[in-house]
Amino acid sequence: MKTRLLAFLLPLALLAPLAAQEMPKPGPQHQKLAANAGTWDAAIEMMGPDGKMQPSKGVSVMSMGPGGFWLLDDFQANLGGQPFHGKGANGFAPLKSKYVGTWIDSMSPSLLVLEGDFDASGKVLTMTGSAPGFDGKPASYRMVTTHVDAKTMRFEMFVAGEDGKEMKMLSITYTRRADDGSKGKGGSEAKGGK
């Protein structure tokens, strides 16, 4: 009996200090990310094996996740005749004072970790990170998301080669679906960009 009582009271005692602390709340940077919640059609141009950009289409469904801190991206497309599925999470790290993100997808077993910030206009988010490239060697990535307007985003991914020179590997123009249901749910067009 005492063991059961102790097993019940111990977790409560450990949680008591947490209950006394105020839980963090999303800030203006998280609200900026929340403006992207909704369904987006994606017009894709990806570098093909022949070195030319190849067109494709996809869909991105973005929603705010745990605690209103994370914009979760569920992206599906057909790339080079193959089904593609990717998932991303973007947030703002107050201790770093930077936007942070992760990306995983069906074309790579590696996790891409990114960080960056908006430019002075608040419309262009540039994030950088490193992960193994398609050849397995370490590669540096730069991703630039430009918020053209409340209904249009342009994403560009650059990869630096061994010589340090960047090459554009991917370009996506996102168009918000009119019926995405995001108004009033963190995706209001009045809130601006990512």
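The values are calculated or read from the model by the stated rules, or taken from the named source; none is laboratory data. This is a predicted model, so every value here is computed, not measured. Ideal geometry is used to build each Cβ from the backbone, glycine not excepted, and the neighbour counts take in all protein chains shown. Heavy atoms of the whole protein, side chains included, go into the accessibility calculation; ligands, DNA and RNA do not. Shrake-Rupley method; radii C 1.70, N 1.55, O 1.52, S 1.80 Å.
Going 7 Å from the Cα of D41 along its beta-carbon direction, which residues of the stretch 141-168 have the amide nitrogen within less than 17 Å of the resulting point? Inside the label zone: 149-155. The apolar share of the surface of the stretch 82-184, taken as the fraction of accessible area on carbon and sulfur atoms (1.4 Å probe, ligands and nucleic acids excluded), comes to 57 percent. Relative contact order of the stretch 22-93, taken over Cα pairs closer than 8 Å and 6 or more residues apart, is 28 percent.
Pairs with C-alpha atoms separated by more than 21 Å, drawn from the list K52/K165; K137/K165; K25/K123, are K25/K123. With the whole protein complex present, F158 retains an accessible surface near 30 Å², based on a 1.4 Å probe.
If each residue of separation counts as 0.36 nm, what is the full-extension length gain between F158 and Q21 once their alpha-carbon separation is subtracted?
45.1 nm
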